[in-house]
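To keep things clear, I will list the structure first and then write my remarks on it.
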Amino acid sequence: MFEQISDRFDDIFRRLRGLGKITDTNIEDTSREIRRVLLEADVSLQVVRDFITHVKEKAEGTKVLKSIKPGEQFIKIIHDELIHVLGDESAALDLTKKPSIILMAGLQGSGKTTTCAKLAFRLKNEGKKVLLTAADVYRPAAIDQLKSLAKQIDVAVYDEGLGNPVSICANAVAKGKSDRFDVVILDTAGRLHVDGEMMNEIQEISETVSPHEILFVADSMTGQDAVISAKAFSEALPLTGTILTKLDGDARGGAAVSIRQVTGTPIKFAGVTEKMDGLEPFNPKQMADRIMGFGDVLSLVKKAEKLTDEKTIAKLEKKMRGNEFNLEDFQTQLKQLKKMGSLQQLIGMMPGMNRKLLKGMDMDDRQLSWTEAIINSMTLSERRHPHIINGSCRKRIARGSGRTLQEVNQLLKQFAHMQKMMKQFGKMKSRKMPMGQFMGIS
Ligand SMILES: Nc1nc2c(ncn2[C@@H]2O[C@H](COP(=O)(O)OP(=O)(O)O)[C@@H](O)[C@H]2O)c(=O)[nH]1
Ligand SMILES: [Mg+2]
């Protein structure tokens with residue numbers, strides 16, 4: 001996600017970090033670069049202009065700062081502005097009415113039907129009784145698609161086949177009331193481009209059922225197109241928010257950065273996979289971190305916490321602080337890592353990890369397996385006291401694990417480096433260490 005834009009930000013930040021003092025020239029140069037990066041990522045021109053103006057204004061103030069590192073301060077200004085553009089705080093759905101009516105709007109293929117089902121699944125898991133409504137009557141396949149997704153997640157569907165979408169929605173809402181549903185979600189038709197007839201129809205639906213939430217579904221991979229249609233939809237309908245889909249694709253970031261400003265309403269959710277559990281509440285800070293390549297500690301820690309026994313973490317932490325961490329512990333950690341998913345993906349979430357460097361490293365999951373194989377071929381005392389592993393031990397381990405001597409040496413070297421890093425972490429007493437930060441793969 002956002003590889004291109006975060007690589008570019010990375011370059012800008014590296015230069016800024018080196019600065020001992022911020023001058024007018026620095027501000028001008030950096031502003032110009034940011035402008036170029038944002039435009040290349042397909043951010044709308046107006047948003048780019050405002051962004052640069054705000055960043056420049058605030059950066060002026062850093063010229064006089066002497067105590068703090070001015071480069072870091074400048075980076076913080078850019079970061080804060082990006083969070084601001086993305087909406088500052090997370091925004092929840094208004095689900096106070098019974099039933100709460102949610103209308104989905106957006107172009108064809110943007111992900112409306114999938115998102116309706118994903119949202120239904122989320123709300124169902126929160127204990128709500130949800131009714132999905134098939135109001136895309138122009139393609140019979142659309143109704144089947146919604147029904148089949150609803151079946152997967154075991155949620156009720158209201159449909160009348162190919163009827164009139166306005167009355168289908170009104171009837172679904174009536175059923176929602178009489179059968180005491182908590183939420184009624186209306187899946188509507190889209191067109192390939194903004195089109196008057198489609199807008200009239202969805203306006204009519206909106207006026208007839210007065211939804212509590214009108215969500216614009218935007219395909220984040222379409223960049224400027226998503227921004228243009230966002231504007232059209234926000235002018236035609238009283239939108240209450242946006243859902244950005246397909247953030248797992250190679251989105252350049254433009255839609256994500258522009259849409260909040262263009263629609264004037266918050267981004268409420270993000271679609272991150274095609275699957276039914278692939279819808280996450282949108283978090284501006286987390287998104288800014290991803291775009292700027294700061295890594296996503298929050299997701300990483302959450303992922304680690306989900307799969308790691310708290311006691312194991314506490315035990316490992318204690319060992320690391322006491323500098324007693326050995327290869328046996330490393331083995332435990334590798335097993336946890338493997339459970340968490342692809343190594344590349346995990347490393348990408350770690351802060352301070354330079355993507356370009358990573359590409360060269362080619363850390364893949366196979367490497368994880370052979371690392372484990374090597375450790376498995378060691379004796380218990382070798383694992384606990386790696387320093388006793390001499391030349392002949394290394395040869396034996398290589399033979400036993402079916403790896404080369406060179407690989408065994410490489411692992412031991414990597415481990416020694418990791419121990420050194422942990423020693424440094426151990427000195428930072430009060431700081432709580434999240435699981436991911438000491439994987440030692442730096
Ligand atoms: N990878 C990915 N695919 C998505 C996401 N949301 C929707 N899709 C896919 O996008 C395509 C169009 O989605 P659909 O819900 O039919 O769009 P609609 O025409 O607006 O109803 C389908 O193939 C979906 O599986 C997402 O968040 N990530
Ligand atoms: Mg659809």
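The values are calculated or read from the model by the stated rules, or taken from the named source; none is laboratory data. As the structure is a computational prediction, the values presented were derived from the model and not from experiment. Please note: Cβ atoms are built from the backbone with ideal geometry, for glycine as well, and neighbour counts cover all protein chains shown.
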In segment 150-183, anything within 22 Å of F121 (Cα to Cα), hydroxyl-bearing (S, T, Y) and without any contact (Cβ under 8 Å) to a residue 12 or more places away in the chain is listed as S178
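Can you name every one of the strands (runs of 3 or more DSSP E) wholly within segment 94-176 that holds 1 or more residues which are within 28 Å of the chain's Cα centre (by Cα)?
Those strands (runs of 3 or more DSSP E) span 100-105, 130-134.
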Note: among S90, S67, just one is in contact with a strand residue (DSSP E or B) (Cβ under 7 Å, 6 or more places away or on another chain) and at pLDDT below 95, namely S90
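Looking at A141, A174, which one is at pLDDT below 95 and of a type in the set (A, V, I, L, M, F, W, C)?
Of A141, A174, the one residue that is at pLDDT below 95 and of a type in the set (A, V, I, L, M, F, W, C) is A141.
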Checked pairs for segment 1-20, first over 27 Å from S220 (Cβ atoms), second among the hydrophobic types (A, V, I, L, M, F, W, C) and modelled with pLDDT of 85 or more, C-beta under 8 Å and 6 or more apart or across chains, list as L16/F74; L16/I75; R17/I75; L19/F74
Of the candidates A270, A251, the one satisfying the condition of being assigned to a strand (DSSP E or B) and either of a type outside the set (K, R) or at negative phi (or both) is A270
Among residues of segment 89-134 being within 16 Å of ligand 1 (Cβ to nearest atom) and hydroxyl-bearing (S, T, Y), the residue surrounded by the most Cβ atoms within 10 Å (Cβ to Cβ) is T133
Considering segment 97-133, residues that are among the β-branched types (V, I, T) and either within 11 Å of ligand 2 (Cβ to nearest atom) or without any contact (Cβ under 8 Å) to a residue 12 or more places away in the chain (or both), and then whichever is nearest to L279 (Cα to Cα), we arrive at T115
Inside segment 36-65, the number of residues satisfying the requirement of being crowded, with 19+ Cβ neighbours inside 10 Å and under 20 Å from A251 (Cβ atoms) is 9
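Of everything in segment 10-28, what is within 18 Å of T53 (Cα to Cα) and surrounded by 14 or more Cβ atoms within 10 Å (Cβ to Cβ)? Give them in sequence order.
I12, I22, N26, I27
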Pairing a residue in segment 254-278 that is near ligand 1 (Cβ under 10 Å from one of its atoms) with any residue that is basic (K, R), where Cβ atoms lie under 8 Å and the two sit 6 or more apart in sequence or on different chains, gives G271/K118; G271/K246; G278/K118
Per the filter on segment 201-213, residues within 16 Å of ligand 2 (Cβ to nearest atom) and touching a strand residue (DSSP E or B) at 6+ places or on another chain (Cβ under 9 Å) are I202, I205
Those residues of segment 230-250 which are more than 10 Å from ligand 1 (Cβ to nearest atom) and either touching a residue at least 60 places away in the same chain (Cβ under 8 Å) or surrounded by 24 or more Cβ atoms within 10 Å (Cβ to Cβ) (or both) amount to A230, F233, L237, L239, T240, G241, T242, D250
Can you say whether G71 is in contact (Cβ under 8 Å) with a residue 24 or more places away in the chain, small (G, A, S), surrounded by 14 or more Cβ atoms within 10 Å (Cβ to Cβ) and under 22 Å from S220 (Cα atoms), as far as the supplied structure shows? no
Scanning segment 135-145 for residues that are surrounded by fewer than 17 Cβ atoms within 10 Å (Cβ to Cβ) and charged (D, E, K, R), the one farthest from ligand 2 (Cβ to nearest atom) turns out to be D144
